[in-house]
Amino acid sequence: MFTERVNSLENEGAYAVLARAQALEAQGRKIIHLELGQPDFPTPANAREAGIQAIRDGYTTYVASAGIRRLREVIAEQASQQRAIPINPAQVVVSPGTKPGLFFPPLALVAPGDEVIYPDPGFPTYAAVIKVTGGLPKPVTLREEHNFSFDLDAFDAAISDRTKLIILNSPSNPTGGIIPQADLEHIAARAIQHNAWVLSDEIYSRLMFDGRSAPSIASIPGMQARTVIVDGFSKAFAMHGWRLGYMIAPEALAERLGLLMTHSVGCTAAFTQMAGIEALTGPQDVVTHMAAEYQARRDRLVEMINAIPGVHTQTPAGAFYVFPNVKSFGLSSAEIARRLLDEAGVALLSGSDFGAGGEGYLRSSYATSLEVIEEGVQKMKAWFEKL
Ligand code: PLP
């Protein structure tokens, strides 16, 4: 009755677990939420005020599909500085949230039967989009022993002249890992050799810890012409409900992506874009404070998880997730996640919600308060000790 492209869609694990957790809460159970990947901070006040003022000033109309000129200029300038490459405003397409940046470039680049490489475990939208385009999914495992960067041997085995697109996500959801420069150079050389495009999801690039930064594949010579950078305001600026993101692509592709905007959502809300200009150009102290807070939570969460016998986790370099290894218990991660929710009242995600490569891991978010994190991990510890 429905098309294969729609029949293939599955729910995101986080939404499914949230629904189950809320059903338990409705029965009077107390649930600790570690499953959600949304900032618990309010949007910085200056950005909120700019959005409100913009509504007052009449920014409530249709605007250019690819975005308000000033926002495209500001994004181009900052993205160019961050990645040390020239970017002009015509390469920037503003979108309602970052997710259109995951949909439109594959729609523009992948024909049915083309192969697409993507990280496993990885953000579930990648696999969904590949199926919608009719592309052939080629998941490549991220290896814990390699700080959750690609297994490069597996990557080399997966890539061929049939590969049309390579999706990268660094820092990563769900692992918090980053792809080191040497690996990016390896991937770039193969992409050039096989004439493949790269979609680089850099939504967590401003959420890096310990003074580190996540390199972008677009900065490698020869790569900008075949890379679409995707980034947005949802995470580092705590603007997830505003729906504001952007794609940066070579101009000819950006023009096509702008047309996909025209014929789908039309444009991104103008007052949201005005708030985005303020978020990027106004004071950055709140943004810096939020990142410092995430780092402190990460440190505590990692310390507490590593004190649970049989569980261990790496210290992720970015984003706001840890991805602890629970293989020693001999149970599937889906069963552990389900029982942690039902029996211990702790909601987190099974690594397998992010692909087969996530089996044996759990994903815990630390976009929540230290108190909640501590209570959640204490309950986890007690549950694991009884196993
Ligand atoms: N990419 C990754 C890796 C994410 O984790 C998310 C949100 O969780 C998105 C994209 C989507 O972001 P947005 O809410 O801006 O559409």
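The values are calculated or read from the model by the stated rules, or taken from the named source; none is laboratory data. Keep in mind that this is a model prediction, so the values were computed, not measured. Positions of Cβ are generated from backbone atoms using ideal geometry, with glycine treated the same way; all protein chains shown enter the neighbour counts.
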* Structure fact -> Within segment 234-247, residues being touching a Leu at 6+ places or on another chain (Cβ under 7 Å) and either part of a loop (DSSP other than H, G, I, E, B) or away from the ligand (no atom under 12 Å from the Cβ) (or both) number 2
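Regarding Ile117, is this residue part of a loop (DSSP other than H, G, I, E, B), assigned by TED's automatic domain parsing to the domain that holds Pro221 and aliphatic (A, V, I, L, M)?
So Ile117 fails the test.
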* To do: Please tell me if Arg339 is of a type in the set (Lys, Arg), buried (at least 18 other Cβ atoms within 10 Å of the Cβ) and closer than 27 Å to Gln22 by Cβ.
  => no
* Mind checking which residues of segment 299-337 are in contact (Cβ under 8 Å) with a residue 40 or more places away in the chain, of a type in the set (A, V, I, L, M) and closer than 22 Å to Ser170 by Cβ? -> Leu301, Ala317, Ala319, Val322
* Answer from Pro105, Pro112 - the residue that is assigned by TED's automatic domain parsing to the domain that holds Arg143 and either in a helix (DSSP H, G or I) or within 16 Å of the ligand (Cβ to nearest atom) (or both) -> Pro105
* Please list, ordered by first then second residue, the pairs with beta carbon atoms under 7 Å, 6 or more apart or interchain, first in segment 23-49 and on the phi < 0 side of the Ramachandran plot, second acidic (Asp, Glu) and away from the ligand (no atom under 16 Å from the Cβ). => Ile31/Glu25; Ile32/Glu375; Asn46/Glu278; Ala47/Glu278
* To do: Would you kindly identify the helices (runs of 4 or more DSSP H) lying entirely within segment 1-98 that contain at least 2 residues that are of a type in the set (A, V, I, L, M, F, W, C)?
  => 13-26, 45-56, 69-83
